[in-house]
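The next block holds one structure in the form of structure tokens; read it before the comments.
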Amino acid sequence: MTDATTGRGLTAGRPWWDTPAADRLLVIFGIWIAVALIYWPSARALDAIWRGGSGEAYTHGYLVLISSLWLIVRERTHLAATPVRPAGWMWVVAVVLSVAWLFAWRAAIQTLHVLLLPAILLTALVAALGWRVARRCLFPVGLLLLAMPIWDPITSSLQAASARMTAVMIWLSGMPAYLQGDLIRLPGGTIEIARACSGLNSVVIGLTVAALYGALAKDPLGRRVAWLALMGALAMLVNGVRIFIVVVAAYETDMRSALVAHHVWLGWCLF
């Protein structure tokens, strides 16, 4: 709106938190908080997972949550300009999802009831504010999937891929070592490529970085998919290099190198 005498916007000179954009953010974040409180068992489970209760694979979860909230704040002007058209019938969908959530929670199927949380959140946004507003929140809500415990099934595949890459690098180097399953046999001992060494953490974080970059650059869908594929491949390659460096250190020091037991920091330096 503008002032009839000056022609200047009525919100000119006001801080952004005292504008319609802030009011819209208040409603959206209110829905986020309400969903977190109503479905508290899932929120509490995510808190435990993100603090390392299920290993290191999802300890980036709070950074993803902060990024999602920041992306919504970043869109505040567009969100304020988007007309609100509540879709009341979507509350029926929310009830159906809630029943499914209750079943999964009571059955102790943690992955399922946690995974339903973003779907319930998005449904509530559509029901309360309409499709257009929810569409602008789609990517921030979807980004949460990269911090959900749904990636564990690919751990074995990543573990096997890391082992094969390491075997190729050992062969190229001419080192007197060979791969036997997940074990690397060296003259001075044996190194195991455990599930924790699969590189799942770096792959998921790499995908998160690629997704954020594509969103901030406003790349078309095809280019975003290419970024995801490239970052996933690079993260896997880096993990293979990390394992090979540990193998070389173990071979050269007859298994006495500190890298044999402590090599997490090496992975992050390479990443």
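Checking the range 158-166 against the condition returns a match, with at least one residue being more than 30 Å from Leu116 (Cβ to Cβ), surrounded by fewer than 17 Cβ atoms within 10 Å (Cβ to Cβ) and not aromatic (Phe, Trp, Tyr). The number of residues in the range 64-93 being in a helix (DSSP H, G or I) and in contact (Cβ under 8 Å) with a residue 24 or more places away in the chain comes to 16. The residues of the range 220-248 that are open to solvent by less than 20 Å² (accessible area, probe 1.4 Å) and free of Cβ contacts under 8 Å to residues at least 40 places away in the same chain, listed by number, are Gly232, Ala235.
Okay, residues lined up against (1) more than 15 Å from the chain's Cα centre (by Cα); (2) closer than 26 Å to Val35 by Cα; (3) among the polar types (S, T, N, Q):
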position: Leu129; (1), (2), (3): yes, yes, no
position: Phe139; (1), (2), (3): no, yes, no
position: Pro187; (1), (2), (3): yes, no, no
position: Ala194; (1), (2), (3): yes, no, no
position: Cys197; (1), (2), (3): yes, no, no
position: Thr208; (1), (2), (3): no, yes, yes
position: Gly214; (1), (2), (3): no, no, no
position: Ala217; (1), (2), (3): yes, no, no
position: Gly240; (1), (2), (3): yes, no, no
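Checked across the range 40-53, the condition of being in a loop (DSSP other than H, G, I, E, B), at pLDDT below 95 and open to solvent by less than 20 Å² (accessible area, probe 1.4 Å) holds for no residue. The residues of the range 185-219 that are under 16 Å from Leu143 (Cα atoms), β-branched (Val, Ile, Thr) and surrounded by fewer than 20 Cβ atoms within 10 Å (Cβ to Cβ) amount to a single one, Val209.
Take Met255 and tell me if it is part of a helix (DSSP H, G or I) and either in contact (Cβ under 8 Å) with a residue 40 or more places away in the chain or within 30 Å of the chain's Cα centre (by Cα) (or both). It is false that Met255 is part of a helix (DSSP H, G or I) and either in contact (Cβ under 8 Å) with a residue 40 or more places away in the chain or within 30 Å of the chain's Cα centre (by Cα) (or both). Check the range 171-178 and report whether any residue there is at pLDDT below 95, within 30 Å of Ala34 (Cα to Cα), open to solvent by 60 Å² or more (accessible area, probe 1.4 Å) and assigned to a helix (DSSP H, G or I). No: zero hits. Could you pull out the residue among Ala161, Ala128 that is among the aliphatic types (A, V, I, L, M) and either farther than 19 Å from Cys197 by Cα or in contact with a strand residue (DSSP E or B) (Cβ under 8 Å, 6 or more places away or on another chain) (or both)? None of the other options fit; the residue is Ala128. Does Arg76 count as basic (Lys, Arg) and farther than 20 Å from Ala22 by Cβ? Answer is no for this residue.
The values are calculated or read from the model by the stated rules, or taken from the named source; none is laboratory data. Just so we're clear, the structure is a prediction, and the values are computed from it rather than from any experiment. With ideal geometry, Cβ positions are generated from the backbone for all residues, glycine too; neighbour counts draw on all protein chains shown. Accessible surface areas use protein heavy atoms only, side chains included; no ligands, DNA or RNA. Shrake-Rupley method; radii C 1.70, N 1.55, O 1.52, S 1.80 Å.
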